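S.K.: Handing you this structure, nothing more for now.
The values are calculated or read from the model by the stated rules, or taken from the named source; none is laboratory data. Worth saying up front: this structure is predicted, and the values here are computed from it rather than measured. All Cβ positions, glycine included, derive from the backbone under ideal geometry; neighbour counts span all protein chains shown.
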Amino acid sequence: MKSDNLFPLLQWYHEMGVDVAICDEPQNRFIVKEPIKITPVKTETTAMAPSPSSSANHPAYSCQSLEELRQAMMSFTGCALKETAMNLVFADGNPKADLMLVGEAPGADEDRQGLAFVGQSGQLLDKVLGSIGLDRTKVYISNIIPWRPPGNRPPTTAEVAACQPFIERHIELVNPKILVLLGGVAAKTLLGTAEGIVKLRGKWQSYQPTPTSPVIKTIATFHPAYLLRSPGQKAMVWRDALTIEKELSSSR
Ligand code: URA
């Protein structure tokens, strides 16, 4: 194809939702491949593999500072999302803040800038925080997954499990007075429940990153991206914000 004809093709890709190149070469998905032969492995007993979050040799656990944690995430090879993302999105805000928020995973703007919640969702989050007198100098924000899933798809269970020790250690190192979980993925992952966000939101819970770390007062609320799609739910989040404000002022 002549290069002056490429623009309509790119435009078509964009309209179809293709916004990231995963491989340098196109893959023909219509080729029928030989089925992979699986040879069963003989084992005496079938034991459950320890989940990554409980596996003591995950690199997250040996990190003694946020900088060490960032370096460990940079050299981590256990999550393929890193291959398609432009940047590691570690966090944004003030790591000494009393309030830490945890979202799901970076979007396109966060991926480009390497900072959490800087896109449209982040702007809405800033408005909610502003309504209770907070800004990025007074909160710290990170995500369950530090690399953007291609096309903003939800992270898989395996991706969440691979990255969970990083956010657990991240919270433990920051040790905020109050933790806010934004959306169902953050709430279910860190509270270890299958309960949906509608049931979880607005109630104080206890979260302990490890059995030896201090218990942190934790509350879940709707994700700002959900509010952008369902503005009728904003009142709930504003109510949760007032609950957080009250708790913050009584903890000072
Ligand atoms: N959504 C998230 O969950 N996190 C971000 O950083 C941005 C959008």
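S.K.: Among the residues of region 185-202 satisfying the criterion of being surrounded by 14 or more Cβ atoms within 10 Å (Cβ to Cβ) and more than 17 Å from the chain's Cα centre (by Cα), which is farthest from the ligand (Cβ to nearest atom)?
M.R.: Step by step, filter region 185-202, then rank; the result is G202.
S.K.: If I filter region 141-152 for residues that are more than 26 Å from I178 (Cα to Cα), more than 9 Å from the ligand (Cβ to nearest atom) and within 14 Å of the chain's Cα centre (by Cα), do I get at least one hit?
M.R.: Within region 141-152, one or more residues are more than 26 Å from I178 (Cα to Cα), more than 9 Å from the ligand (Cβ to nearest atom) and within 14 Å of the chain's Cα centre (by Cα).
S.K.: Which members of region 203-232 meet the condition of being buried (at least 16 other Cβ atoms within 10 Å of the Cβ) and away from the ligand (no atom under 16 Å from the Cβ)?
M.R.: Q205, Y207, P209, I216, K217, T218, I219
S.K.: Here is a check on your reading of the model: is P95 in contact with a Phe, Trp or Tyr (Cβ under 6 Å, 6 or more places away or on another chain) and under 16 Å from E67 (Cα atoms)?
M.R.: In short, yes.
S.K.: Quickly run through region 115-161 and pick out the residues that are farther than 18 Å from M100 by Cα and either in a loop (DSSP other than H, G, I, E, B) or in contact with a Phe, Trp or Tyr (Cβ under 8 Å, 6 or more places away or on another chain) (or both).
M.R.: G119, W147, R148, P149, R153, P154, P155, T156
S.K.: Look at region 90-137 and say how many of its residues are in contact (Cβ under 8 Å) with a residue 12 or more places away in the chain, within 30 Å of H14 (Cα to Cα) and away from the ligand (no atom under 11 Å from the Cβ).
M.R.: 1
S.K.: A further question follows. Regarding region 244-251, can at least one residue be identified that is modelled with pLDDT under 95, within 29 Å of C63 (Cβ to Cβ) and either away from the ligand (no atom under 16 Å from the Cβ) or not in a helix (DSSP H, G or I) (or both)?
M.R.: yes
S.K.: Can I ask one more? Do the conditions hold for K246, that is, is it surrounded by fewer than 17 Cβ atoms within 10 Å (Cβ to Cβ), out of contact with any Cys (no Cβ under 9 Å at 6 or more places or on another chain), farther than 22 Å from S121 by Cα and basic (K, R)?
M.R.: Criteria met by K246.
S.K.: To continue, here is another question. Can you give me the ranges of the helices (runs of 4 or more DSSP H) entirely in region 1-109 with at least 3 residues that are at pLDDT 95 or above?
M.R.: Those helices (runs of 4 or more DSSP H) span 66-74, 81-84.
S.K.: Only residues that are more than 12 Å from the ligand (Cβ to nearest atom) and either of a type in the set (F, W, Y) or touching a Gly at 6+ places or on another chain (Cβ under 6 Å) (or both): list them for region 153-184, please.
M.R.: Hits for region 153-184 are A162, F166.
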